[in-house]
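Working notes for the structure below.
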């Protein structure tokens, strides 16, 4: 079996490990339920009042739904944190890291398989939510415009989620404790969410250094670039410079976090199972 085959086996194993966690499945169900509730609520509001909700026209509701207008975006980041938070650390806690790394597999292949397995599962969740958002919008509001950009919307959401997935993945390897890794990553998410608007008010563009700015802004900025007329319909104003900046910030954060995790794995001994 070549390197690709070994990475694929570890990635498949990571899928099984993550899906065995009831919290992940519960959060996926909750996120889809909230997304559905938001679309139904918008439908009831527009039908009873005869006016559009928040300036979002009926033929573009799918964009609002997929972008996380109902708060389901929060659950996606939480799912990312939970999947990645236990990816490396659970192997140390259960004593299986010694077994896996004693096989004919390099540590880089092991790291890559774990990362790709966890992130591909997260991408499937985001694809599901994109699909549900589009289908429900068609079902309740009729024909939707610009749905040819739905795959790009999915790409933007998956790409932006790299920040907190990689952050939690790094904490999982560095501290080798699942609970600690998840709590630290979630704390960074909450702190960044609160600090970002304060920095924006006080220092303007300095707030873009906060990780949540890129996570929240990149998908909306991309859609504004693709569909400029919708910038007045709930999307950010067209800002090409901001779009490139958000994309770069996601890449830099993700790369730094993964490099730190790789260094920790390569330079340290595999710990034994904790008593």
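Data for the structure
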| read-out | value |
| --- | --- |
| Relative contact order, percent, the chain [alpha-carbon distance under 8 Å, six or more residues apart] | 25 |
| Cα pair distances in the stretch 97-212, grouped into 10 Å bins until the bin that holds the longest one, percent each | 11, 27, 29, 23, 8, 1 |
| By average C-beta atoms within 10 angstrom, highest first, the peptides 17-24, 189-196 | 189-196, 17-24 |
| Residue 98/residue 148 FRET efficiency (R0 51 Å; Cβ-Cβ; nearest 0.05) | 0.55 |
| For the chain, the Rg and Dmax computed from alpha carbons only, in angstrom | 20.0, 65 |
| Over the stretch 68-157, volume per residue of the alpha carbon convex hull, in Å³ | 112 |
| Projected-area mean, the stretch 1-87, by convex hull of Cα positions, square nanometres | 7.4 |
| From the C-alpha gyration tensor of the stretch 126-184, square roots of 5λ in Å | 35, 12, 6 |
| Measure of compaction for the stretch 34-185 (Cα Rg per 2.2 N^0.38 Å) | 1.31 |
| P(r) tail fraction, the stretch 11-58 - alpha-carbon pairs more than 13 Å apart, % | 66 |
| Kirkwood hydrodynamic radius of the stretch 58-104, from inverse mean 1/r over distinct Cα pairs, in Å | 13.4 |
| Overall dimensions of the stretch 79-129 as given by Cα atoms, namely Rg and Dmax in Å | 12.3, 38 |
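Each value in this text was obtained by applying a stated rule to the coordinates, not by laboratory testing. Only a predicted model underlies this, so the values are computations on that prediction, with no experimental measurement involved. Note that we place each Cβ from the backbone using ideal geometry, even for glycine, and neighbour counts take in every protein chain shown.
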